[in-house]
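Right, one structure below, let's go through it.
The values are calculated or read from the model by the stated rules, or taken from the named source; none is laboratory data. If you're wondering where the values come from, they're calculated on a predicted model, not measured in any experiment. Reconstructed Cβ throughout: ideal geometry from the backbone, glycine too, with neighbour counts over all protein chains shown. Accessible surface areas use protein heavy atoms only, side chains included; no ligands, DNA or RNA. Shrake-Rupley method; radii C 1.70, N 1.55, O 1.52, S 1.80 Å.
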Amino acid sequence: MSAVAMLFMLGGCMDFDLKGVEEPEAEGLRDLAVDPGLVDFGTLTDGTPVTDTVTLTAVGELPVTVSAIDISGSTAFTITWTSGETTLEPGASADVVVTYTPASFEDRGQLVVRSDAVEPDQAVTLMGAGLYPAILITPASAYFLSEYGETVEQDLVVSSVGTADLDLSDLLVQGAQFSAEGTLPPSLSPGETTTLTVSYAPEVEGETALGKLWLTTNTTLGYAMVPLEGRQGPPCLGLGEAWDRGLLAAHTLDGGTLEVENRSPDEEVCIDQWYVWLSEESQDMGVGDMDADFGDIYPTGSLGIAPLDALQFVSASASGASWWCLEATQYTQARKDYEFIGARVPEPLLTSMLGRDQEAVWEWEAENPVILAARRTHYVEMPEGGATAPVTLRVLNMGGRGATAEVRETVPAGYTATGFSRAPARTEEGADGATVYVFEVSLVARIETGMYAHTIYDELDITYTLGVPACRGRQYLPPMETRWEDSGGDARVGTANPLVINCE
């Protein structure tokens, strides 16, 4: 029996592929050499284009197909490659023409060859330089802090960082509180520097001044500009900052006078609002200046405490530094310590205090909720690069009636608030991109424990982490607020001391 017949006989029992046998793949390596790996055109004296060549060679045993050649980086580099997809037989070569037309004092790019070789993407570094001037001013922006209103100076270093002479002219300083001293040379050779001294002379306490310094140059842009910012530090430390920095102490003297002591050897402390002071063993107080009509600007104030000095507040005084009782059933005891909590005296109580009506203060408290807003943190030290800080919002009810209140914390644009111990009921958009976090809290009425015992207030803390962006100088977060209704249904607002963030 023939072999063919045998195959047909077996066909019913076995499955044979009779389509034919594929040719085996050719053995060998697809490899491509790209030479050179770096093309440096050097420094050109004019804008005339120059060219160089990158050679592609198939160096393996098999053909190599070049699918694309890309160029990236500076637009000063272009290529001539009209072949599109090209196959190079083993040993064959092709040239890529690279053209460089200087665009600046330093140009860099990259040529990438894409193929089916063993290394599919191969890069060539491209470098070149032209005779161009360039300028660098250090620092790029200038910040001035005047602690006490004195004129402060800062040097700006002007450097020629290009490959050609840098011409300088027409120095202009914008901003009435800024000025520049020094004579500019007409030009700087590459690598040379000169110094300008810029001065800031503040005019208004606490004001931030903005300005700009301009130089006309022969660079491509034609000018250089440095933003200027100046600020005069506050004339004194506010109560909250002094308290957090351990520079403040408060206690009663014989006869019931409250003494607030400034322990700083060189900083004045000022009192800018009527604030609530608490004591575990003595009568709680509303403390302030009977003669002052305060606005909301911090930290200006009508009462000051000189370094290493003290200020005495007299009970129910009709003028000057005064304090008024916030507890009808508690006596003021001598030699007891007080705590600054950062909550301002609510308007209904303050109105009665300034009207010299102690009984009206007690009567309103007994018949209404009195919600106080404060932060346990009043002052935070930060590096200029920014960081995070824990913040605790403190809310308590000094009134004889309970209430549900809104606590409103405003976080400026650029700042973050995370990790709330109590979830906000909602958020609202504030001014200038700020975010207002709104919390709803319920507080019961105060508990009066007896003639000589401290009154117990319902109190709630809300904690979170404040993220502070890169900052300079002093920043002031808006006061937190509480909003509630009194017993007659009228809306009431309680505010707190601002949070001072020092980024010096």
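Annotations for the structure displayed:
- Inter-part distance, the stretch 483-502 to the stretch 398-464, computed on C-alpha centroids, equals 9 Å.
- Note, ³J(HN,Hα) from phi for the stretch 315-329, Karplus 6.51, -1.76, 1.60, rounded to Hz, x at Gly and Pro: 5, 6, 5, 7, 7, x, 5, 9, 9, 10, 6, 10, 10, 6, 9
- Amide N of the stretch 195-229 lying under 16 Å from the label point, which is placed 7 angstrom from the Cα of THR183 along Cα→Cβ: 195-197
- Calculated from backbone phi, Karplus (6.51, -1.76, 1.60) coupling profile of the stretch 422-437 in Hz, x at Gly/Pro: 9, 5, x, 5, 5, 10, 10, 7, x, 6, 6, x, 5, 10, 9, 8
- Protein accessible area in the stretch 178-314, 1.4 Å probe - carbon and sulfur %: 46
- Backbone amide hydrogens, once placed in the peptide plane, bring GLY402 within less than 5 Å of ALA445, excluding anything fewer than 5 places away on its chain.
- In sequence order, calculated HN-Hα J values of the stretch 178-187 (Karplus, 6.51, -1.76, 1.60; Hz; x Gly/Pro): 10, 8, 10, 10, x, 9, 7, x, x, 7
- For the chain, the mean residue ellipticity at 222 nm estimated from helices alone is -1500 deg cm²/dmol, where every DSSP H run of n ≥ 4 contributes -39500 (n - 2.57) and the total is divided by all residues, rounded to the nearest 500.
- Nonpolar atom fraction for the stretch 360-408, defined as the carbon and sulfur part of the 1.4 Å probe accessible area, stands at 49 percent.
- Its convex hull of Cα atoms gives the stretch 296-380 a direction-averaged projected area, equal to a quarter of the hull surface, of 7.4 nm².
- FRET efficiency for THR220 and THR193, using Cβ-Cβ distance with R0 set to 30 Å, rounded to 0.05: 0.90
- Sorting the Cα pairs of the stretch 149-304 by distance into bins of 5 Å, from 0 upward, gives 2, 8, 13, 13, 11, 9, 7, 7, 6, 7, 6, 4, 3, 2, 1, 0, 0 percent per bin.
- Length released on extending from ASP170 to TYR476, taking residue separation times 0.36 nm less the Cα-Cα span: 106.4 nm
- Whole-number accessible area per residue in Å² for the chain, which is evaluated in the context of all protein chains at 1.4 Å: 48
- Each peptide among 427-437, 159-169 gets the average number of other Cβ atoms lying within 10 Å of its residues, and from highest to lowest they stand as 159-169, 427-437.
- Report note on the peptides 355-361, 235-241: ranked by the mean count of other C-beta atoms within 10 Å, highest first, their order is 235-241, 355-361.
- The stretch 263-422 shape via C-alpha gyration tensor axes, a/c threshold 1.5: oblate
- In degrees, nearest ten, helix 358-367 long axis to first principal axis of the chain (Cα): 60
- The accessible surface of the stretch 41-106, taken with every protein chain in place and a 1.4 Å probe, is 49 percent carbon and sulfur.
- By the compact-protein rule of thumb, 2.2 N^0.38 Å, the alpha-carbon radius of gyration of the stretch 22-181 corresponds to a ratio of 1.69.
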